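Quick notes on the structure that follows.
The values are calculated or read from the model by the stated rules, or taken from the named source; none is laboratory data. Remember, predicted model here, so these are calculated numbers, not experimental data. Cβ placement follows ideal geometry from the backbone for every residue including glycine, while neighbour counts extend to all protein chains displayed.
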Amino acid sequence: MINETTEGQEAGEQREELFFKVIKAGNKILEILAALFIILMLLYGAYSLWDTCQINRRAFISGELMKYKPAGKMDESPSLQELQKINPDVCAWLTVDGTKIDYPVVQGETNLEYINQDIYGEFALSGSIFLDSRNDRKFIDSYSLLYGHHMDNGAMFGDVMNYKEKEYFESHKTGTLYLNEQLEKIQWFACVETDAYDEVIYNPQDYKKENLEELMEYIKAHAVQYRLPEKKGKEGWNRIIGLSTCSNDQTNGRVILYGFLYDVDR
(Lines give C-alpha, C1' and ligand atoms only; values in the text may rest on other atoms or scores of the structure.)
Protein backbone atom coordinates (compact mmCIF):
# COMPACT_ATOMS: atom_id res chain seq x y z
CA MET A 1 0.00 0.00 0.00
CA ILE A 2 2.87 2.31 0.89
CA ASN A 3 4.63 1.47 -2.38
CA GLU A 4 1.52 2.30 -4.38
CA THR A 5 1.24 5.67 -2.63
CA THR A 6 4.90 6.46 -3.25
CA GLU A 7 4.60 5.50 -6.90
CA GLY A 8 1.52 7.72 -7.24
CA GLN A 9 3.35 10.66 -5.70
CA GLU A 10 6.33 10.15 -7.99
CA ALA A 11 4.04 9.97 -11.02
CA GLY A 12 2.31 13.17 -9.93
CA GLU A 13 5.63 14.90 -9.43
CA GLN A 14 6.76 13.78 -12.88
CA ARG A 15 3.58 15.10 -14.45
CA GLU A 16 3.98 18.39 -12.60
CA GLU A 17 7.63 18.62 -13.66
CA LEU A 18 6.65 17.88 -17.26
CA PHE A 19 3.91 20.50 -17.09
CA PHE A 20 6.34 23.17 -15.92
CA LYS A 21 8.82 22.17 -18.63
CA VAL A 22 6.09 22.59 -21.24
CA ILE A 23 5.15 25.98 -19.78
CA LYS A 24 8.79 27.04 -19.75
CA ALA A 25 9.28 25.88 -23.33
CA GLY A 26 6.09 27.67 -24.37
CA ASN A 27 7.26 30.88 -22.75
CA LYS A 28 10.60 30.55 -24.51
CA ILE A 29 8.86 30.10 -27.86
CA LEU A 30 6.67 33.12 -27.18
CA GLU A 31 9.75 35.18 -26.31
CA ILE A 32 11.42 34.11 -29.56
CA LEU A 33 8.28 34.86 -31.58
CA ALA A 34 7.92 38.26 -29.90
CA ALA A 35 11.57 39.05 -30.66
CA LEU A 36 11.10 37.96 -34.29
CA PHE A 37 7.97 40.10 -34.54
CA ILE A 38 9.81 43.15 -33.21
CA ILE A 39 12.69 42.54 -35.63
CA LEU A 40 10.27 42.16 -38.54
CA MET A 41 8.45 45.35 -37.55
CA LEU A 42 11.75 47.23 -37.35
CA LEU A 43 12.79 45.87 -40.73
CA TYR A 44 9.41 46.77 -42.22
CA GLY A 45 9.63 50.27 -40.74
CA ALA A 46 13.14 50.72 -42.11
CA TYR A 47 12.03 49.48 -45.54
CA SER A 48 8.97 51.74 -45.52
CA LEU A 49 11.15 54.72 -44.64
CA TRP A 50 13.63 53.81 -47.38
CA ASP A 51 10.83 53.24 -49.89
CA THR A 52 9.22 56.59 -49.05
CA CYS A 53 12.57 58.33 -49.45
CA GLN A 54 13.04 56.64 -52.82
CA ILE A 55 9.56 57.68 -53.98
CA ASN A 56 10.13 61.26 -52.88
CA ARG A 57 13.60 61.35 -54.41
CA ARG A 58 12.37 60.03 -57.76
CA ALA A 59 9.48 62.51 -57.73
CA PHE A 60 11.96 65.36 -58.06
CA ILE A 61 13.67 65.76 -61.39
CA SER A 62 17.22 64.43 -61.59
CA GLY A 63 20.24 66.46 -62.59
CA GLU A 64 20.67 64.16 -65.57
CA LEU A 65 17.19 65.00 -66.83
CA MET A 66 17.47 68.68 -65.96
CA LYS A 67 20.21 69.13 -68.55
CA TYR A 68 17.53 68.70 -71.22
CA LYS A 69 15.50 71.63 -69.94
CA PRO A 70 15.21 74.33 -72.64
CA ALA A 71 16.53 77.79 -71.80
CA GLY A 72 15.31 81.20 -72.88
CA LYS A 73 17.19 81.57 -76.13
CA MET A 74 16.69 79.01 -78.84
CA ASP A 75 20.27 79.03 -80.11
CA GLU A 76 21.66 78.48 -76.59
CA SER A 77 19.06 75.96 -75.51
CA PRO A 78 19.01 72.18 -75.54
CA SER A 79 16.21 71.04 -77.78
CA LEU A 80 13.23 69.04 -76.63
CA GLN A 81 14.04 66.87 -79.61
CA GLU A 82 17.01 65.52 -77.65
CA LEU A 83 14.65 64.45 -74.89
CA GLN A 84 12.22 63.06 -77.45
CA LYS A 85 14.96 60.68 -78.59
CA ILE A 86 14.75 59.16 -75.12
CA ASN A 87 10.95 59.20 -75.10
CA PRO A 88 8.92 60.28 -78.17
CA ASP A 89 5.94 60.97 -75.88
CA VAL A 90 7.65 64.11 -74.55
CA CYS A 91 5.76 67.12 -75.89
CA ALA A 92 6.79 70.07 -73.69
CA TRP A 93 8.59 71.29 -70.59
CA LEU A 94 6.60 73.08 -67.89
CA THR A 95 8.02 75.54 -65.36
CA VAL A 96 5.90 77.29 -62.74
CA ASP A 97 7.95 80.21 -61.45
CA GLY A 98 8.85 80.14 -57.77
CA THR A 99 7.69 76.55 -57.23
CA LYS A 100 9.10 73.03 -57.47
CA ILE A 101 7.09 72.42 -60.65
CA ASP A 102 9.79 72.12 -63.31
CA TYR A 103 9.25 69.00 -65.41
CA PRO A 104 9.04 67.58 -68.90
CA VAL A 105 5.49 66.90 -70.08
CA VAL A 106 4.49 63.65 -71.78
CA GLN A 107 1.33 62.48 -73.51
CA GLY A 108 0.29 58.84 -73.51
CA GLU A 109 -2.22 56.97 -75.61
CA THR A 110 -4.54 57.03 -72.59
CA ASN A 111 -4.67 59.04 -69.38
CA LEU A 112 -3.61 55.96 -67.41
CA GLU A 113 -0.30 55.34 -69.13
CA TYR A 114 1.83 57.77 -67.14
CA ILE A 115 0.04 57.71 -63.80
CA ASN A 116 2.72 55.37 -62.41
CA GLN A 117 5.36 55.54 -65.12
CA ASP A 118 8.28 57.92 -65.36
CA ILE A 119 9.65 59.58 -68.46
CA TYR A 120 12.01 56.64 -69.02
CA GLY A 121 9.10 54.21 -69.15
CA GLU A 122 9.93 52.69 -65.75
CA PHE A 123 7.48 52.09 -62.90
CA ALA A 124 7.30 55.03 -60.48
CA LEU A 125 4.57 55.74 -57.95
CA SER A 126 5.05 59.46 -58.54
CA GLY A 127 4.36 58.98 -62.26
CA SER A 128 4.94 61.83 -64.72
CA ILE A 129 3.40 65.16 -65.62
CA PHE A 130 1.18 64.33 -68.58
CA LEU A 131 -1.11 66.05 -71.05
CA ASP A 132 -4.66 64.79 -71.47
CA SER A 133 -4.66 62.19 -74.24
CA ARG A 134 -7.51 64.04 -75.99
CA ASN A 135 -5.52 67.27 -76.32
CA ASP A 136 -3.28 68.31 -79.19
CA ARG A 137 0.36 67.82 -78.17
CA LYS A 138 1.25 71.17 -79.76
CA PHE A 139 -0.95 72.99 -77.20
CA ILE A 140 -3.03 74.68 -79.88
CA ASP A 141 -6.32 73.69 -78.23
CA SER A 142 -8.43 76.30 -76.48
CA TYR A 143 -8.20 74.23 -73.29
CA SER A 144 -5.18 72.02 -72.53
CA LEU A 145 -5.26 69.96 -69.33
CA LEU A 146 -2.23 68.54 -67.51
CA TYR A 147 -2.19 66.01 -64.68
CA GLY A 148 0.32 65.31 -61.92
CA HIS A 149 0.37 63.56 -58.56
CA HIS A 150 0.12 65.54 -55.34
CA MET A 151 3.31 64.66 -53.47
CA ASP A 152 3.45 65.81 -49.84
CA ASN A 153 7.03 67.03 -50.26
CA GLY A 154 5.92 69.45 -52.99
CA ALA A 155 7.20 67.36 -55.88
CA MET A 156 5.24 66.83 -59.11
CA PHE A 157 2.07 68.95 -58.73
CA GLY A 158 2.28 69.13 -54.93
CA ASP A 159 2.77 72.90 -55.02
CA VAL A 160 -0.53 73.38 -56.87
CA MET A 161 -2.20 73.01 -53.46
CA ASN A 162 -0.46 76.17 -52.26
CA TYR A 163 -2.43 78.25 -54.75
CA LYS A 164 -5.53 77.84 -52.59
CA GLU A 165 -3.94 80.36 -50.22
CA LYS A 166 -4.42 83.98 -51.24
CA GLU A 167 -0.93 85.18 -50.33
CA TYR A 168 0.73 82.39 -52.32
CA PHE A 169 -1.67 82.86 -55.22
CA GLU A 170 -0.89 86.58 -55.37
CA SER A 171 2.87 86.10 -55.25
CA HIS A 172 3.20 83.28 -57.83
CA LYS A 173 1.65 84.56 -61.03
CA THR A 174 3.68 83.23 -63.93
CA GLY A 175 5.01 80.15 -65.66
CA THR A 176 6.60 78.99 -68.90
CA LEU A 177 5.78 76.22 -71.35
CA TYR A 178 8.63 75.24 -73.65
CA LEU A 179 7.63 73.60 -76.94
CA ASN A 180 9.73 72.34 -79.84
CA GLU A 181 9.67 75.53 -81.85
CA GLN A 182 8.33 78.16 -79.52
CA LEU A 183 8.08 79.51 -76.02
CA GLU A 184 4.73 80.04 -74.29
CA LYS A 185 4.30 82.24 -71.24
CA ILE A 186 1.59 81.56 -68.67
CA GLN A 187 -0.37 83.96 -66.47
CA TRP A 188 -2.10 82.09 -63.64
CA PHE A 189 -5.55 83.48 -62.98
CA ALA A 190 -7.59 80.96 -60.98
CA CYS A 191 -7.46 78.05 -58.55
CA VAL A 192 -10.46 75.73 -58.47
CA GLU A 193 -11.51 72.97 -56.08
CA THR A 194 -13.77 70.24 -57.47
CA ASP A 195 -13.96 66.44 -57.74
CA ALA A 196 -12.77 63.86 -60.25
CA TYR A 197 -16.25 63.55 -61.79
CA ASP A 198 -16.59 67.19 -62.86
CA GLU A 199 -17.58 66.86 -66.52
CA VAL A 200 -17.06 70.55 -67.24
CA ILE A 201 -13.46 70.49 -66.03
CA TYR A 202 -12.39 67.05 -67.23
CA ASN A 203 -13.51 67.14 -70.86
CA PRO A 204 -11.03 69.55 -72.44
CA GLN A 205 -11.90 68.40 -75.95
CA ASP A 206 -15.36 69.99 -75.59
CA TYR A 207 -14.04 73.56 -75.74
CA LYS A 208 -13.21 75.65 -78.77
CA LYS A 209 -12.65 79.35 -79.23
CA GLU A 210 -16.39 79.84 -79.72
CA ASN A 211 -17.48 78.42 -76.36
CA LEU A 212 -14.41 79.00 -74.20
CA GLU A 213 -16.26 81.77 -72.39
CA GLU A 214 -18.57 79.12 -70.89
CA LEU A 215 -15.59 77.43 -69.27
CA MET A 216 -14.27 80.79 -68.10
CA GLU A 217 -17.55 81.57 -66.35
CA TYR A 218 -17.59 78.14 -64.71
CA ILE A 219 -14.02 78.57 -63.47
CA LYS A 220 -14.79 82.00 -62.04
CA ALA A 221 -17.90 80.70 -60.26
CA HIS A 222 -16.05 77.78 -58.65
CA ALA A 223 -12.68 79.40 -57.95
CA VAL A 224 -11.24 79.58 -54.45
CA GLN A 225 -8.80 82.19 -55.81
CA TYR A 226 -9.30 84.33 -58.90
CA ARG A 227 -7.89 87.46 -60.55
CA LEU A 228 -8.04 89.18 -63.91
CA PRO A 229 -4.94 88.49 -66.01
CA GLU A 230 -2.37 91.26 -66.32
CA LYS A 231 -1.27 90.71 -69.91
CA LYS A 232 -2.63 89.62 -73.26
CA GLY A 233 -0.91 87.78 -76.06
CA LYS A 234 -1.03 88.73 -79.69
CA GLU A 235 -4.26 86.77 -80.16
CA GLY A 236 -5.87 87.73 -76.87
CA TRP A 237 -6.87 85.30 -74.13
CA ASN A 238 -8.06 82.34 -76.19
CA ARG A 239 -6.00 79.46 -74.80
CA ILE A 240 -6.24 78.11 -71.27
CA ILE A 241 -3.99 75.61 -69.52
CA GLY A 242 -5.01 73.69 -66.38
CA LEU A 243 -2.81 71.81 -63.90
CA SER A 244 -4.85 69.17 -62.07
CA THR A 245 -3.84 67.27 -58.95
CA CYS A 246 -5.46 65.28 -56.14
CA SER A 247 -6.68 66.90 -52.93
CA ASN A 248 -6.47 65.28 -49.50
CA ASP A 249 -9.35 67.40 -48.21
CA GLN A 250 -12.09 65.23 -49.71
CA THR A 251 -12.62 61.83 -51.33
CA ASN A 252 -11.81 62.08 -55.05
CA GLY A 253 -11.13 65.77 -54.51
CA ARG A 254 -9.18 67.72 -57.10
CA VAL A 255 -7.44 71.11 -57.24
CA ILE A 256 -6.78 72.77 -60.60
CA LEU A 257 -4.57 75.76 -61.29
CA TYR A 258 -5.60 77.71 -64.38
CA GLY A 259 -3.55 80.00 -66.56
CA PHE A 260 -3.69 81.78 -69.91
CA LEU A 261 -1.15 80.80 -72.56
CA TYR A 262 0.36 83.34 -74.91
CA ASP A 263 3.20 83.26 -77.43
CA VAL A 264 6.43 85.16 -76.98
CA ASP A 265 9.60 85.30 -79.05
CA ARG A 266 12.53 83.38 -77.64
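If you go through segment 228-244 one residue at a time, do you hit one that is at pLDDT 95 or above, among the aliphatic types (A, V, I, L, M) and surrounded by fewer than 18 Cβ atoms within 10 Å (Cβ to Cβ)?
no
Out of the residues in segment 185-204 that are over 17 Å from residue 261 (Cα atoms) and not charged (D, E, K, R), which is nearest to the chain's Cα centre (by Cα)? Outline the logic, then answer.
Narrowing segment 185-204 to residues over 17 Å from residue 261 (Cα atoms): 192-203.
Now restrict to residues that are not charged (D, E, K, R): 192, 194, 196-197, 200-203.
Details: 192: 17, 194: 17, 196: 15, 197: 19, 200: 22, 201: 19, 202: 17, 203: 20 Å.
Top of the filtered list is 196.
Go through (1) modelled with pLDDT under 95; (2) surrounded by 14 or more Cβ atoms within 10 Å (Cβ to Cβ) and name the single condition residue 256 misses.
Only one criterion in (1) modelled with pLDDT under 95; (2) surrounded by 14 or more Cβ atoms within 10 Å (Cβ to Cβ) is unmet by residue 256, namely (1).
When you scan segment 107-141, how many residues do you find that are over 23 Å from residue 85 (Cα atoms) and surrounded by 19 or more Cβ atoms within 10 Å (Cβ to Cβ)?
Selection size over segment 107-141: 1.
Any residue that is assigned to a helix (DSSP H, G or I), under 18 Å from residue 97 (Cα atoms) and either modelled with pLDDT under 95 or among the hydroxyl-bearing types (Ser, Thr, Tyr) (or both) - is there at least one of those in segment 195-216? Before you say what the answer is, go through the steps one by one.
Residues of segment 195-216 assigned to a helix (DSSP H, G or I): 204-206, 212-216.
This time we only want the ones that are under 18 Å from residue 97 (Cα atoms), so: none.
The answer is no; no qualifying residue exists.
On the basis of being out of contact with any Cys (no Cβ under 7 Å at 6 or more places or on another chain), at negative phi, at pLDDT below 90 and not small (Gly, Ala, Ser), does residue 70 make the cut? Give the derivation first.
Values: out of contact with any Cys (no Cβ under 7 Å at 6 or more places or on another chain): yes; at negative phi: yes; at pLDDT below 90: yes; not small (Gly, Ala, Ser): yes.
Considered against the rule, which asks whether it is out of contact with any Cys (no Cβ under 7 Å at 6 or more places or on another chain), at negative phi, at pLDDT below 90 and not small (Gly, Ala, Ser), residue 70 comes out as yes.
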